[in-house]
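A quick write-up on the structure given underneath.
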Amino acid sequence: RKEVEQDPGPFNVPEGATVAFNCTYSNSASQSFFWYRQDCRKEPKLLMSVYSSGNEDGRFTAQLNRASQYISLLIRDSKLSDSATYLCVSLTGANNLFFGTGTRLTVIP
Amino acid sequence: DAGVIQSPRHEVTEMGQEVTLRCKLISGHNSLFWYRQTMMRGLELLIYFNNNVPIDDSGMPEDRFSAKMPNASFSTLKIQPSEPRDSAVYFCASKIHASGNTIYFGEGSWLTVV
């Protein structure tokens, strides 16, 4: 079983829509979580960290549910520029970063 | 500030040839990671170093793969001999120290083995 699992999508949504991605992790000892964004043929870049209390950054909201071992990312008012692959990441120990295979999002005009 | 710098950006080579991928860390960072990304398997950690010392190489596929960090700012990933199934994007990434959370990726080396 993979450490981190995501629905690969693709999610095709119209501009202005709200879209949510979920991700599950298998190791209950994982202590930190992140969402990374990867554009086509580019490197992954940190989008936001995920805190137990939930956190928001503009149109993006991340939440963590430790009891069910899942992480979510909500994007409100989708923009064309949000089209990318979103990678869910868990950190176990000092350096054991595990990436999901990513969820592909396409925002349609 | 310069980010993580990788070379070559693209390489096409014949099966059996040696491939050397290079990475320069962000100045001041002392943890380095090598990842491989394919459509089927996503991002897989191959090996990581802290302060030039390899900490976990359990992700290295087999003996054909080797990684070194001869100094604090530079690393190489070598594949010898290369095989078509090694075709992938190889990312190098660094972070500021072992307990730092944010990892910064280079632009990747796109390898095709024919």
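The values are calculated or read from the model by the stated rules, or taken from the named source; none is laboratory data. Predicted model, so just to flag it, every value in this text is computed and none were measured. Please note: Cβ atoms are built from the backbone with ideal geometry, for glycine as well, and neighbour counts cover all protein chains shown. Ligands, DNA and RNA are stripped out before the accessible areas are found, and what is left, the full protein with its side chains, is counted by its heavy atoms. Shrake-Rupley method; radii C 1.70, N 1.55, O 1.52, S 1.80 Å.
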Cα extents of chain B along the three principal axes, largest first, in whole Å?
38, 27, 27
Could you tell me the total accessible area buried at the A-B interface, probe 1.4 Å, in square angstrom to the nearest hundred?
1600 Å²
Using the basic label-point model (7 angstrom from Cα toward the beta carbon), what is the residue B:58 to residue B:17 distance in nanometres?
3.5 nm
Buried by partner chains in the stretch B:11-60 (accessible area down by at least 30 Å² vs chain alone, 1.4 Å probe, heavy atoms, protein only) are B:35, B:37, B:43, B:48
Probe radius 1.4 Å, ligands and nucleic acids ignored: give me the carbon and sulfur share of the accessible area of the protein assembly as shown as a rounded percent.
50 percent
Per-residue average of other protein chain Cβ atoms inside 10 Å, peptide A:42-48 -> 5
Under 14 Å from a label point 7 Å along Cα→Cβ of residue A:70: give me every residue in the stretch A:8-47 with its amide N that close.
A:8, A:20-26
Keeping all protein chains in place, calculate the accessible area per residue for chain B (probe 1.4 angstrom), answer in Å².
49 Å²
What average count of beta carbons from other chains do you get within 10 Å of the Cβ of residues in B:101-109?
5
Given B:58-67, B:36-45, the highest-first ranking by average Cβ count within 10 Å works out to B:36-45, B:58-67
Per residue of A:99-108, other chain Cβ atoms within 10 Å number on average 2
In square angstrom, what is the accessible area per residue of the stretch A:39-109 with a 1.4 angstrom probe?
47 Å²
Go through B:16, B:4, B:54 and say which Cα lies farthest out towards the positive end of the charge dipole of chain B; charges sit on Cβ, +1 for Lys and Arg, -1 for Asp and Glu.
B:4
Can you return the lysines within cross-link range of residue B:24? Criterion is Cα-Cα under 16 Å, with same-chain partners fewer than 8 residues away left out.
B:68, B:78, B:95
